[in-house]
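The values are calculated or read from the model by the stated rules, or taken from the named source; none is laboratory data. Just so you know, these numbers come straight off a predicted model, no measurement behind them. Cβ atoms come from the backbone with ideal geometry, glycine included; neighbour counts cover every protein chain shown. Areas reflect the complete protein model, heavy atoms only, side chains present, ligands, DNA and RNA absent. Shrake-Rupley method; radii C 1.70, N 1.55, O 1.52, S 1.80 Å.
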Amino acid sequence: MIEIWEKTLSLDTVITKVSAPHVGAISTFSGIVRNHNLGKSVRYLEYECYAAMAEKEMATIRDYALQHWALHDIAIIHRVGRLEIGEAAVVIAVASAHREDGLVALKYTIDTLKATVPIWKKEYWADGSMWLENCCG
Amino acid sequence: MKINVLVFAQLREYFGSTHWQADLPASGTLNDLQKGMITAFPDAEAVILASRFAVNQRYIQGLDHVLQAGDEIALIPPVSGG
């Protein structure tokens, strides 16, 4: 499952999607909007994406992970639009028989998503706003 | 050939649009496209130079890639998903 939503994300959705009887570990990540960045107080974020390519890039990440680690499945949902403090911008669930590969693949998935997927966030403060750039990996 | 480029994030603000159209010679390259964009939007030069091109939803390394009519081209500013 690779999806882009315009509404509140559900970690339960991705967990359910990757669950199976032989799965012994489900490793999850939630990327949350926090109230501060670079010393400034954040009011909210707005996310925008190149949807078709973003889905392709996330699928590429999933494919790589499934080939390189012993996994059952990976599900990713990213949100776009306006996000308030405390809301999740991305949820990821990685299912594996054993936890070692699942946890390693989870880190790979979020790290690579942040480096390559064509999604952008604009941060809004009381006195202005700025498009952010993820630190080059 | 007529080329349409999808732009995103701060590029949309600089360009005042979600896309930009250019007229390139038949064997025009991404380099030609980039130069045309900088000429049209000199204030956006730094962002344009920091951005990556995607052709048909795949990142392209290097600017000497030759474009074809009907290609879906996008200019991808530094990303910030997640």
- prompt: If you put +1 on each Lys and Arg Cβ and -1 on each Asp and Glu Cβ, how big is the dipole of chain B around its Cα centre, in Debye rounded to 20?
  reply: 140 debye
- line: By the Kirkwood definition, with r running over pairs of different Cα atoms, region A:38-93 has a hydrodynamic radius in Å of 13.3 Å
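Pop the C-beta distance of A:Glu84 and A:Ala51 into the FRET formula with R0 = 22 Å and round what comes out to the nearest 0.05.
Working: r = 22 Å, r/R0 = 1.00.
Computed FRET efficiency for A:Glu84 and A:Ala51: 0.50.
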- request: With a 1.4 Å probe and every protein chain left in place, work out the accessible area per residue of chain B in Å², rounded to a whole number.
  value: 48 Å²
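Any idea what the dipole of the protein assembly as shown comes to, in debye rounded to 20, about its Cα centre with Lys/Arg Cβ at +1 and Asp/Glu Cβ at -1?
On the way: 19 positive and 25 negative charges, 66 e Å.
In total the dipole reaches around 320 debye.
Quick check: at a probe of 1.4 Å, how many percent of the accessible area of region A:1-94 sits on carbon and sulfur atoms? The partial results should precede the final answer.
On the way: 2240 of 4610 Å².
Roughly 49 percent, rounded to a whole number.
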query: Share of chain B's accessible area from carbon and sulfur, percent, 1.4 Å?
result: 50 percent
field: Unit charges at the beta carbon, dipole of chain A: most positive-side option, A:Ala65, A:Ser41, A:Phe29
entry: A:Ser41
message: What does the net charge come to around A:Leu9 if you take all other residues with beta carbon closer than 14 Å to its beta carbon, with K and R at +1 and D and E at -1?
response: -1
task: Identify which of A:Ile61, A:Ile85, A:Ile15 has the largest mean-square fluctuation in a Gaussian network model of chain A, with springs joining Cα atoms closer than 10 Å.
output: A:Ile85
query: Sorted from largest down, what three extents in whole angstroms do the Cα atoms of chain A have along their principal axes?
result: 52, 26, 24
- prompt: Going toward the positive end of the dipole of the protein assembly as shown, with +1 on Lys and Arg Cβ and -1 on Asp and Glu Cβ, which of B:Gly36, A:Trp125, B:Ile48 do you reach last?
  reply: A:Trp125
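Using only alpha carbon pairs under 8 Å that are at least six residues apart, calculate the relative contact order of chain A and give it in whole percent. Display every interim value, and only then the final one.
Numbers: 292 pairs, mean separation 49.2, N = 137.
36 percent.
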field: Cα-based Kirkwood hydrodynamic radius, chain B, one decimal, Å
entry: 12.7 Å
- prompt: Summed for both chains, how many Å² of accessible area, to the nearest 100, are buried between A and B with a 1.4 Å probe?
  reply: 1900 Å²
query: So which residues in region A:41-88 end up with at least 30 square angstrom less accessible surface once the other protein chains are there, compared with the chain by itself, probe 1.4 angstrom?
result: A:Glu48, A:Tyr50, A:Met53, A:Lys56
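Holding the Cα-Cα limit at 29 Å, pick out from A:Lys121/B:Lys35; A:Lys122/B:Lys35; A:Lys122/B:Lys2; A:Lys114/B:Lys2 the pairs that are longer than that. Could you put the intermediate results ahead of the total?
Numbers: A:Lys121/B:Lys35 27 Å; A:Lys122/B:Lys35 27 Å; A:Lys122/B:Lys2 31 Å; A:Lys114/B:Lys2 33 Å.
Table pairs above 29 Å Cα-Cα are A:Lys122/B:Lys2; A:Lys114/B:Lys2.
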